[in-house]
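The values are calculated or read from the model by the stated rules, or taken from the named source; none is laboratory data. Remember, predicted model here, so these are calculated numbers, not experimental data. Glycine also receives a Cβ, built like all others from the backbone with ideal geometry; neighbour counts cover every protein chain displayed.
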């Protein structure tokens with residue numbers, strides 16, 4: 001028996017010209033489930049065909065045979081182990097991919113949480129200032145001045161509520177997969193309720209909703225839908241100071257849900273369209289409107305974390321259209 005056979009890590013068996021087992025290595029003993037002492041000089045009662053796949057106690061084993069005039073050298077390859085290893089490799093790749101996405105998601109959440117926490121300072125300072133003035137000079141202030149300061153405090157409080165909503169949304173987003181918030185629901189009914197709520201704060205303004213596709217039993221993150229409509233419709237009304245209708249079109253396909261939000265407002269300068277999603281950037285023609293330049297950045301981040309996209313088309317002094325595409329969650 002050549003020493004090379006006995007030192008091989010691959011399970012190997014030597015069959016003599018009479019079809020009996022001449023020798024085997026330790027790996028073959030493990031695979032055959034018996035010792036060399038018990039098997040040597042026993043007949044090899046399995047096929048001796050190169051490439052054949054045989055069953056060994058429920059395991060698929062492939063034979064690789066090299067024949068000489070003195071013996072047949074049979075190497076045994078446990079396909080079930082190979083398949084298991086391949087499956088494990090795929091699973092490891094998937095887990096590594098999930099880990100990378102989770103790390104990226106965590107980094108984004110930490111970044112925006114820090115930014116939002118920092119932004120709390122502005123409304124808190126404003127509320128404290130107005131509160132101190134009212135507390136120390138209430139007797140000398142006119143009713144009109146008191147009302148104005150209370151309204152300013154209310155604006156600051158609403159700003160804080162918006163920031164808290166942003167924090168809540170960030171904390172609940174886990175990626176493209178579904179969850180409790182993406183249980184099937186009627187998209188049109190849900191969106192109409194949100195738009196009606198928005199319109200209450202814009203008396204005399206109209207938001208027209210049109211829908212195409214099957215609206216019932218839609219699966220998508222409802223928190224994100226609310227966030228998208230609240231921000232885009234709110235901005236459309238805000239940046240259309242001369243009025244004009246705001247159009248919201250929903251288009252549902254088998255793979256995605258598309259939101260089109262259009263206004264007839266001030267528009268965005270062409271050379272600034274690629275900058276509006278940049279953190280703290282505000283278009284040059286919106287100085288008279290309040291804002292921090294964080295809303296669109298935050299929105300795009302949340303949309304992309306859920307596997308979606310957001311695009312914008314605009315003409316100065318004619319209007320703007322935002323297009324958001326979200327993948328439908330798998331049930």
Count of the range 105-144 residues which are outside any helix (DSSP H, G or I) and out of contact with any helix residue (DSSP H, G or I) (no Cβ under 8 Å at 6 or more places or on another chain): 1
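Matching residues to (1) touching a residue at least 12 places away in the same chain (Cβ under 8 Å); (2) more than 30 Å from residue 301 (Cβ to Cβ):
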{"position": "11", "(1), (2)": "yes, yes"}
{"position": "34", "(1), (2)": "no, yes"}
{"position": "49", "(1), (2)": "yes, yes"}
{"position": "85", "(1), (2)": "no, yes"}
{"position": "98", "(1), (2)": "no, no"}
{"position": "106", "(1), (2)": "no, no"}
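So that you can scan it fast, the table gives a plain yes or no per residue for (1) farther than 30 Å from residue 156 by Cβ; (2) loosely packed, with under 11 Cβ neighbours inside 10 Å; (3) within 31 Å of the chain's Cα centre (by Cα):
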{"residue": "68", "(1), (2), (3)": "yes, yes, no"}
{"residue": "74", "(1), (2), (3)": "yes, no, no"}
{"residue": "84", "(1), (2), (3)": "yes, no, yes"}
{"residue": "94", "(1), (2), (3)": "yes, yes, yes"}
{"residue": "110", "(1), (2), (3)": "no, no, yes"}
{"residue": "121", "(1), (2), (3)": "no, yes, yes"}
Some residue of the range 120-132 being modelled with pLDDT under 80 and more than 24 Å from residue 305 (Cβ to Cβ): yes
Matching residues, the range 279-331, being surrounded by 14 or more Cβ atoms within 10 Å (Cβ to Cβ), closer than 18 Å to residue 264 by Cα and modelled with pLDDT under 80: 283, 285, 286
Residue count, the range 261-271 (criterion: surrounded by fewer than 17 Cβ atoms within 10 Å (Cβ to Cβ) and outside any loop (DSSP other than H, G, I, E, B)): 2
Odd one out for residue 213 among (1) farther than 24 Å from residue 305 by Cα; (2) under 32 Å from the mean Cα position of the chain (by Cα); (3) at pLDDT below 85: (3)
